[in-house]
Amino acid sequence: MSNTISEEQKSSLHWQKVSPWALLYFVVYFSVRFVKDGLLNLLPMLVVFVTQVENKLFWAQVAGGAALITLLVYSFLYYLNFKFCISDDHEILLNKGVFKKERLTLKFGRVQNVNIAEPFYFTPVNLVNCIFDAAGSVAQEAVLPGVTKSYAEQIRKQIFAFKAQQQTDDEHVEQSEADLAENSLRISNKEIAKFGLMSNMAILAIAALAPFINVLVDFLEKKIISKVEGFYQQELGMLANAATFAMVTLIVMLVLMAVLLSVTMSLIRFYNFELYFKGQKFKRIAGLLERHQLSMSMDKVQSIVIKQNLMGRLLKRFTVECLQASSGGIVAGVAAKKNKQTLVLPVLNSEQVDSVCQWIYPWFNSKKLVFKRAERALLYKNLGFYSLLPSALVFGFCFIADINTLISLGVLVLFSGLVTLSYQRYGYYMHDDNGRFYMVVRRGMIGVHYRIFELYKAQSARSVSTYLMRKSGLKSLYIQLASGFVFMPYIKQQDADFIIDFTIKQIESDTRSWM
């Protein structure tokens, strides 16, 4: 994005205002910003308020009223200053800000996707938010709130038509009838609820309650635990410890509340999930409070991740992510995952995974991938460091503390099993599909994680080896992508060198654009 514009162009620009209904968007937007950013900074003050301040209801009403008035006034001033313009130079211009005025310029060529979101508060007036996802920008995006859907569709067609004209003739690929056929996938809300069990949202919900845990426990102890304890004393008499039963009941209630919150958050995000694929482009529509329409061109996808955690294994479900280019740096993979423009298919069975992947890669069949494993030296090294050493330390502690030393045997068996599972998961597979070369890298332990990418989209490839690895003719392989990196440990030196040389050759010889 750029924030400069020549003086000669200013007079020819036609600035527009968004609908007055957009004020609702700004109120919701700044409310969410306050909860996500400001509220976290105010957590210590909130804890002091809950534990120390008297007459809490009065002061809470005063603070809430002041915050509400400030929010409404700021949102109104922001709306008054918000203007946009689609220039003849194929740029989107935004003027916004209250205390700090800001002008953003987003060139059509920098736009990766144009997404349309329909919040519930815009549904009665048939308005949407038009969202421009800029290449290489995770934190900053341009949004036109409160425009008609037809206008948003018109801008999207205008931008994509411009980008198509900019492509050189050698970048055009003839589309067959199969390419033009539309594939679709719908996921039921019952399946979406399972994603709440598979994801880590329940853990995040518990973590969010951590600053208030003491206050929450005191409240529950006075209001609930004492009553539950009394119930158990009356019903169980002297047959059991009522206090212990009451505490177990409390823990179960907290876990169920966290799981329920996780399921609810999943339904809000992916409600009535619909996915369409046509002409090498994805379109996803999902959401309860906001029907968010995300469009993504297949050539912008840097890699596809298929993963399954422990709960996913129990439910026999996978999560698929199509990752775009992140803003780079050491934490590129983290940034890509935090990017809300990442296409996430939350809960698929194995047949659906193969079906969706075959829309993109017709050769893909998870049951026919023959992975080349890491060498056994990796297993021996990890057994020594992560199994034998910890169990020896536990044995020494048990011996000194006069505790049953058989515990160390249990640690040895458990850790050895986990190390073995991790070793067996590591593997890589290379595929040639009509002169286009792909790689699939697998890792995991109890769950499994696959990453699929085309070699020419890699940014670099390198190897690492220790002294003992060099003596054994082994190397660990790293391939850097715009959406993170892949790692394959302890493979034969000649294999690692071949993959690095071949990958670099693909990077340098293939002229196709992937940004």
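Here, each number is a calculation from the coordinates, and none is a lab measurement. Since the structure is predicted, the reported quantities are computational estimates derived from the model, not experimental observations. Virtual Cβ from ideal backbone geometry, glycine too; neighbours counted across all protein chains shown.
Go from 0 up to the bin containing the longest alpha carbon distance in region 360-406, width 5 Å each, and give me the % of pairs per bin.
Answer for region 360-406: a P(r) of 5, 16, 13, 11, 10, 9, 9, 8, 6, 6, 4, 3, 0 percent.
Taking other Cβ within 10 Å of each residue's Cβ, how do HIS449, HIS14, HIS292 sort, fewest first?
Numbers: HIS449 15, HIS14 8, HIS292 20.
Ordered by Cβ neighbours within 10 Å, fewest first: HIS14, HIS449, HIS292.
Provide the gained length on full extension for the span SER465 to LEU421, in nm with one decimal, where the gain is 0.36 nm per separating residue minus the Cα-Cα distance.
Details: separation 44, 0.36 × 44 = 15.84 nm, distance 2.29 nm.
Contour length minus the Cα-Cα distance gives 13.6 nm.
Given contacts defined as C-alpha pairs under 8 Å and at least six residues apart, what's the relative contact order of region 376-424, whole-number percent?
Values: 36 pairs, mean separation 23.1, N = 49.
In percent, rounded to a whole number, it is 47.
Figure the gain on full extension for ALA66 and GLN358 (residue separation times 0.36 nm, minus the Cα-Cα span) and round it to one decimal in nm. Please list the in-between numbers first.
Numbers: separation 292, 0.36 × 292 = 105.12 nm, distance 5.49 nm.
Gain on extension, ALA66 to GLN358, equals 99.6 nm.
Taking a temperature of 10 °C and a viscosity of 1.306 mPa s, what whole-number D in µm²/s does Stokes-Einstein yield for region 389-515 with Rh from Kirkwood over alpha carbon pairs? Don't skip to the end; give the middle numbers.
Values: Rh = 17.2 Å.
Translational D for this selection: 92 µm²/s.
What's the local net charge at TYR74, with K and R +1, D and E -1, over the other residues with C-beta under 13 Å away?
Details: positive: ARG33, LYS96, LYS100; negative: none.
Every neighbour counted, the sum reads +3.
Rank the residues LEU288, LEU23, LEU57 as a footprinting-exposure proxy: fewest other Cβ atoms within 10 Å of their Cβ go first. Show your work: numbers first, answer last.
Numbers: LEU288 15, LEU23 19, LEU57 7.
With the sparsest Cβ surroundings first, the list reads LEU57, LEU288, LEU23.
Please give the FRET efficiency for SER188 paired with PHE162, using the beta carbon to beta carbon distance and R0 = 60 Å, rounded to the nearest 0.05.
Efficiency computed from Cβ-Cβ geometry: 0.95.
Determine which residues of region 62-93 fall in the zone a paramagnetic label at GLN154 would reach in this model, i.e. backbone nitrogen under 12 Å from the point 7 Å along Cα→Cβ.
Answer for this model: 86.
How much length is gained on full extension from VAL370 to ALA392, taking 0.36 nm per residue of separation minus their Cα-Cα distance?
Values: separation 22, 0.36 × 22 = 7.92 nm, distance 3.72 nm.
That pair, VAL370 and ALA392, stretches by 4.2 nm at full extension.
Tally Lys/Arg at +1 and Asp/Glu at -1 over every other residue whose Cβ is under 11 Å from the Cβ of TYR361; what's the total? Show your work: numbers first, answer last.
Working: positive: ARG436; negative: ASP354, ASP433, GLU454.
Every neighbour counted, the sum reads -2.
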